[in-house]
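Since the structure comes first, as structure tokens, the remarks are kept for the end.
Any read-out appearing in this document is the output of simple, stated calculations on the displayed coordinates, not a laboratory observation. Just so it is clear, the model here is predicted, and its values are computed rather than measured. Note that each Cβ is placed from the backbone with ideal geometry, even for glycine, and that neighbours are counted across all protein chains shown.
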Amino acid sequence: MDGRGRVFYFASWAGMALGLLLQAQRFPPQGLEVLLYAFFVLWALWALRRGPKVAPRLLLHLLGAYLLFELWRVGENWPLAGFFTPALYLLAGFAYPPWSLGHLLGAFWGGVLVLAPLVLGRNLDFWPHFAVSQVILLSLTFLLARFREAHGQMRFWKEQALTDPLTGLLNRRALEMALEREAARVERGERPFSLVLVDLDDFKRVNDTHGHQVGDRILKEVAQYLVAHVRQGDLVGRWG
């Protein structure tokens, strides 16, 4: 996860804590409700310690149960719980692959929350808006997950097409594309660039004497050395 990803990840946790605090301040828990609040907080902290890859699965059912608990607890103010339902669908999207059974758990909890006001006999003035919003949120989350999956596939195949599988360096096609960009930049009057070609002396003898596995290991070590010792912004690739 990059720096911006970490910022948003911890911002989501801070928002979750703030939402819990606002809800407890507006509707102070009483009796057994205090213990349930403590359980929700401890579970969330435990999920946080498991990291961003595991936490969504640990939080999905917790958040669904918490929203159902709040919907029951606050009585006729139950529509306030609806403000946090988007997080339920997004957690399902992050926790499970698109169109999987696990992904449908978000729809399950959404259906439970939509039916709860009817079962509990709450004021239904806002219920149609709430029900329709859940359908929209669920649909948008499924689309977002599908686009995310497609973007990941495109990125994977792009990397496969432009990367040497042995060394992980840019391959010849990627280097040719970079050369075209650099040549166009120079033609616009910007600073020239340098192209350095490196050849390993007697490398065929290494393969013949010690085998291709040793040769492959040497290529990887040379590639790592070059990447570690060029300037930021320079490109290293495998031409041959």
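Summary table
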{"quantity": "Extension reserve of the R173-E33 stretch, reckoned as 0.36 nm per residue once the Cα distance is removed", "calculated": "44.1 nm"}
{"quantity": "Point-to-point label distance, W99-A184, nm (Cα→Cβ direction, 7 Å offset)", "calculated": "3.6 nm"}
{"quantity": "Those lysines that a straight Cα-Cα span of less than 23 Å connects to K204, excepting residues fewer than 8 apart in one chain", "calculated": "K220"}
{"quantity": "Efficiency of FRET from Cβ geometry, V112 and Q25, R₀ 22 Å, rounded to 0.05", "calculated": "0.25"}
{"quantity": "Peptide ranges 137-147, 48-58 listed from the most packed, as the mean C-beta count within 10 angstrom indicates", "calculated": "137-147, 48-58"}
{"quantity": "Fluctuation leader among H212, H129, H151 - the chain, Gaussian network, Cα springs under 10 angstrom", "calculated": "H212"}
{"quantity": "Potential lengthening between D199 and V227 on full extension [0.36 nm per residue; Cα-Cα distance subtracted]", "calculated": "8.5 nm"}
{"quantity": "Helical segments meeting 20 Å axial Cα length and Kyte-Doolittle 0.0 threshold in the chain (DSSP H)", "calculated": "3-26, 32-49, 55-73, 105-120, 127-162"}
{"quantity": "Long-range amide H partners of T163 with built H, under 5 Å", "calculated": "N171"}
{"quantity": "R0 of 25 Å, Cβ-Cβ distance L166-A11: FRET efficiency to nearest 0.05", "calculated": "0.05"}
{"quantity": "Relative contact order for the chain, counting Cα pairs under 8 Å that sit 6 or more residues apart, in percent", "calculated": "13 percent"}
{"quantity": "Mean ellipticity per residue at 222 nm, deg cm²/dmol - from DSSP H runs of n ≥ 4 across the chain, formula -39500 (n - 2.57)", "calculated": "-23500 deg cm²/dmol"}
{"quantity": "Between region 23-68 and region 160-186, the Cα center-to-center distance that results, in Å", "calculated": "48 Å"}
{"quantity": "Estimated inter-spin distance, V214 and S133, nm [label 7 Å along Cα→Cβ]", "calculated": "6.9 nm"}
{"quantity": "Compactness of the chain as Cα Rg over 2.2 N^0.38 Å, two decimals", "calculated": "1.54"}
